[in-house]
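The values are calculated or read from the model by the stated rules, or taken from the named source; none is laboratory data. In this text the structure is predicted, and so the values were computed from the model without any measurement. Cβ: placed from backbone, ideal geometry, glycine included. Neighbour counts: every protein chain shown.
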Amino acid sequence: MKEIKVGMIGSGFIARVHCQALATLPGVRVTAQCSPNEQRRLAFVKELGISESYPDHRQLLAEAGVDVVVVATPNHLHAPMALDVISAGKHVIMEKPLCLTLDQADQIIDAARRQGVLVAYAEELCFVPKYLRAKELADAGAVGQVYRVNQVEKHEGPYSPWFWQTRQAGGGILMDMGCHSIEFARWFLGKPPVRAVTAWMDTVLHGDKTEMEDDVIVLLEFATGQTALLESSWALLGGMDSITHVFGTAGVIHADLLKGMGLQVYSQPGYGEYAPATRGWSYPDYEWSWQNGYPQEDAHFIECIRTGTQPAESADDGRAVLEIMLACYASAASGRRIELPYRPPPVAAPVEIWLQSRRGAAGGK
């Protein structure tokens, strides 16, 4: 079996998660990493045993001899870096969100098609063992005809300061965690077209750090008549929630990602990357990465590279999620239900659709 060599762009939390997940896979090795911050870069490669380190991703692409590259950077860098990776003839694993505009998404999809490389969209919720089992049960008819999926992801706030910045993040909690819930609902229901979106959002807790949204509720209407009610928040004090409810005509499924295989811990200072969210009672997993689907998604992507098959979560899915998020911002800005397909006005960051309306309302007072 030919060894697959992986390059990692990024040195933050999610880059570390992917490196650790890839290290569990036979015939796969992260051989190169890049980050412009020398101190972070050198500490990262030392910790994870990576042999090559570069200050610039273009140098990595030219010199490292990798087969696939993981883009695990702040959101505004996703599109330009993905296009550089694709232009170099490398497969790419894209962290969410895919990018910030539909034009960028189309460029990524078209470039990958022309170059004959694969683009995997890293949505780990579609690989979570507990959620896979829930989908198996639903698909087998255990709860009758599924008519609604509810999905909740909440905690106290992001782990890195760039998430608060409009230019770098492109949006608040919707772009950070709402994208998970959107793609989870699409995947769980078999990816039927989304017919319309209604969204509500506000900045309820973190107005001292950002003008972007930190609390969101989204209602998706699918062409099948099914619906999804999604809640995403950086405003949950006292822990974390990651919960799914599946409602059918003959039953219901409740899946709490943080319980069932977790420990019960009380910690006054909190711990780990999400220290603020782990103060008080929490339920840490004994094998967090596996329970959250990271090794499974990376294993699937590597197998697609070996076999030349399209990944289950691709750039097309990332584009679909981005279009829905753009429609969410438009809905929250206008107070109206937005039908899809939706093409937004030209904005530098998706959240600007909502922020422009909010600033206008404030200025009119």
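Tabulated data
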| read-out | value |
| --- | --- |
| Count - residues of segment 166-215 that are under 16 Å from Lys154 (Cβ atoms), out of contact with any His (no Cβ under 9 Å at 6 or more places or on another chain) and of a type in the set (Asp, Glu) | 4 |
| Subset tally (residues that are buried (at least 17 other Cβ atoms within 10 Å of the Cβ), in contact with a Lys or Arg (Cβ under 7 Å, 6 or more places away or on another chain) and part of a strand (DSSP E or B)) for segment 233-253 | 2 |
| Residue check, Trp354 assigned to a strand (DSSP E or B) and either outside the structural domain of Thr203 (by TED's automatic domain parsing) or surrounded by fewer than 17 Cβ atoms within 10 Å (Cβ to Cβ) (or both) | no |
| Qualifying residue in segment 191-203 (condition: more than 18 Å from the chain's Cα centre (by Cα), over 16 Å from Met177 (Cα atoms), crowded, with 16+ Cβ neighbours inside 10 Å and of a type in the set (Gly, Ala, Ser)) | yes |
| Residues of segment 261-293 satisfying the condition of being over 21 Å from Phe163 (Cβ atoms), touching a Leu at 6+ places or on another chain (Cβ under 8 Å) and at pLDDT 70 or above | Gln291, Gly293 |
| Qualifying residues in segment 112-164 (those that are among the acidic types (Asp, Glu) and at pLDDT below 95) - the one nearest to Leu189 (Cα to Cα) | Asp139 |
| Test: Lys96 is out of contact with any Cys (no Cβ under 7 Å at 6 or more places or on another chain), buried (at least 20 other Cβ atoms within 10 Å of the Cβ), modelled with pLDDT of 95 or more and under 21 Å from Pro74 (Cβ atoms) | no |
| Test result for His76, closer than 29 Å to Pro346 by Cβ and more than 21 Å from the chain's Cα centre (by Cα) | no |
| Residue that is farthest from Tyr329 (Cα to Cα) [pool: residues in segment 91-118 that are β-branched (Val, Ile, Thr) and within 20 Å of the chain's Cα centre (by Cα)] | Val92 |
| Hits in segment 165-188 - residues which are of a type in the set (Gly, Ala, Ser), under 10 Å from the mean Cα position of the chain (by Cα) and either within 16 Å of Phe222 (Cα to Cα) or surrounded by fewer than 24 Cβ atoms within 10 Å (Cβ to Cβ) (or both) | Ser181 |
| Of all residues in segment 204-237 being of a type in the set (Val, Ile, Thr) and over 20 Å from Arg167 (Cα atoms), the one that is farthest from the chain's Cα centre (by Cα) | Thr224 |
| Residues within segment 282-335 that are part of a loop (DSSP other than H, G, I, E, B), of a type in the set (Gly, Ala, Ser) and crowded, with 21+ Cβ neighbours inside 10 Å, tallied | 1 |
| Helices (runs of 4 or more DSSP H) contained entirely in segment 4-91, each with at least 1 residues that are surrounded by 23 or more Cβ atoms within 10 Å (Cβ to Cβ) and in the same structural domain as Thr309 (by TED's automatic domain parsing) | 13-22, 57-63, 78-87 |
| Tally, over segment 146-156, of residues that are surrounded by fewer than 22 Cβ atoms within 10 Å (Cβ to Cβ) and either more than 17 Å from Leu230 (Cα to Cα) or of a type outside the set (Val, Ile, Thr) (or both) | 4 |
| Given (1) surrounded by 15 or more Cβ atoms within 10 Å (Cβ to Cβ); (2) within 26 Å of Pro276 (Cβ to Cβ); (3) modelled with pLDDT of 95 or more, number of the condition Leu258 does not satisfy | (3) |
